[in-house]
Amino acid sequence: MPEREDDHLTPATRLLEKRREMSEVEQALAAQKEEFQMKMESLQQRKEELERKEYQLKESLLKFDKFLKENDSKRARAVKKANDEKELKKQKDKEIDKLREETSVYAKQREKLQKKLDKQTIYQKYLDRTLEAAEDFSEIREVIARHDTLTATHEDLLDREQSNQEKVEKQKQDLMRYTEDKHNQILSYNNQLSGLQTRLDKAQSEAVHWESKWTHIKNTAAKKTLVLGRIKMATHNLFLLVNKHQKGGQMEPTDDTNEQLNKIQTFIQDLSQITTEIKRTEAAMGTTSVAGASSQ
């Protein structure tokens, strides 16, 4: 008879234990979901920061284009780079949307699991209702013990009891299989969440990489702007020097660097032509002097 009492107690006790374990798993899933949500918010902030930097990049490119209008090839490369970064941002946005969709799918799967868990609580509710109906008992364990005593005193119900025992054992095995299946599903979800975390870390790393490239672009643009300013200053000073030595009236003042370079080029060409004519004249005079000396 003691072995029969242990068989009655073990299924109820294990059912309560499994129910507690499922509650702990649910809490763990909720904590992981909250952590994932925080990381998604952090990724959204990085996205907004990238958009702000994209706007600043466009503004810098416009200013850069204003100073380097004569260099169409460099401007085209800068515009292409901006478009490539914009396309990259679109790809990252698509990945974020995909992650959100996957999170929604996981939430629906968790809801299904919760519904199945709720169906299993029928056994606990049955014991609770039995305890409420029997005023002589204060605990579920007492109800089970009383049931064992009544079974022992009524031998004519042994066959029926045996059948009930088989059903309880089958339900216990079903519950164990169900719990194992759900545990495997939870492990699978954890692996998927780990994969998503890896992708999120990779996206954040790429964002830092593009931020570094943006800093390099700004530094390069600043250096080229400084060089252009020096070239314009040297051209202006040379223009003033040429204008100062210009005979027959000074050239009309202008602030256009291209026009200054054209006038400087014209001056140099004229000066080269004059120098060539002087050398030719000197050469001719030297030849005449030599011929006269020979005739004497």
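The values are calculated or read from the model by the stated rules, or taken from the named source; none is laboratory data. Only a predicted model underlies this, so the values are computations on that prediction, with no experimental measurement involved. Positions of Cβ are generated from backbone atoms using ideal geometry, with glycine treated the same way; all protein chains shown enter the neighbour counts. Ligands, DNA and RNA are excluded from the accessible area calculation, which covers all protein heavy atoms including side chains. Shrake-Rupley method; radii C 1.70, N 1.55, O 1.52, S 1.80 Å.
Brief remarks follow.
- For the range 76-113, a residue qualifies if it is of a type in the set (Asp, Glu) and within 22 Å of residue 199 (Cα to Cα), and the qualifying residues are 84, 85, 87, 93, 95, 97, 101, 102.
For every residue, the table says whether it meets (1) at pLDDT 85 or above; (2) assigned to a helix (DSSP H, G or I).
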| site | (1), (2) |
| --- | --- |
| 3 | no, yes |
| 11 | no, yes |
| 17 | no, yes |
| 41 | yes, yes |
| 70 | no, no |
| 76 | no, yes |
| 104 | yes, yes |
| 110 | no, yes |
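- Checking each residue of the range 222-229 against the condition of being out of contact with any strand residue (DSSP E or B) (no Cβ under 8 Å at 6 or more places or on another chain), over 30 Å from residue 38 (Cβ atoms), open to solvent by less than 50 Å² (accessible area, probe 1.4 Å) and at pLDDT below 80 gives no match.
- Those residues of the range 128-156 which are of a type in the set (A, V, I, L, M, F, W, C) and open to solvent by 70 Å² or more (accessible area, probe 1.4 Å), in sequence order: 133, 150
- Flag: residue 122 matches the condition of being out of contact with any strand residue (DSSP E or B) (no Cβ under 9 Å at 6 or more places or on another chain), open to solvent by 80 Å² or more (accessible area, probe 1.4 Å) and not charged (D, E, K, R).
- Residue 238 vs. criteria within 30 Å of residue 82 (Cα to Cα), among the aliphatic types (A, V, I, L, M) and without any contact (Cβ under 8 Å) to a residue 40 or more places away in the chain: no
- Selection count, the range 269-292, where residues are at pLDDT 85 or above and either of a type in the set (Ser, Thr, Tyr) or within 30 Å of residue 229 (Cα to Cα) (or both): 5
- Listed conditions (1) touching a residue at least 60 places away in the same chain (Cβ under 8 Å); (2) farther than 29 Å from residue 193 by Cα are all met by residue 39, apart from (2).
- Condition check for residue 190: more than 58 Å from the chain's Cα centre (by Cα), open to solvent by less than 60 Å² (accessible area, probe 1.4 Å) and among the polar types (S, T, N, Q): no
- Test: residue in the range 163-175 that is in contact with a Phe, Trp or Tyr (Cβ under 9 Å, 6 or more places away or on another chain) and either open to solvent by less than 60 Å² (accessible area, probe 1.4 Å) or of a type in the set (A, V, I, L, M, F, W, C) (or both): yes
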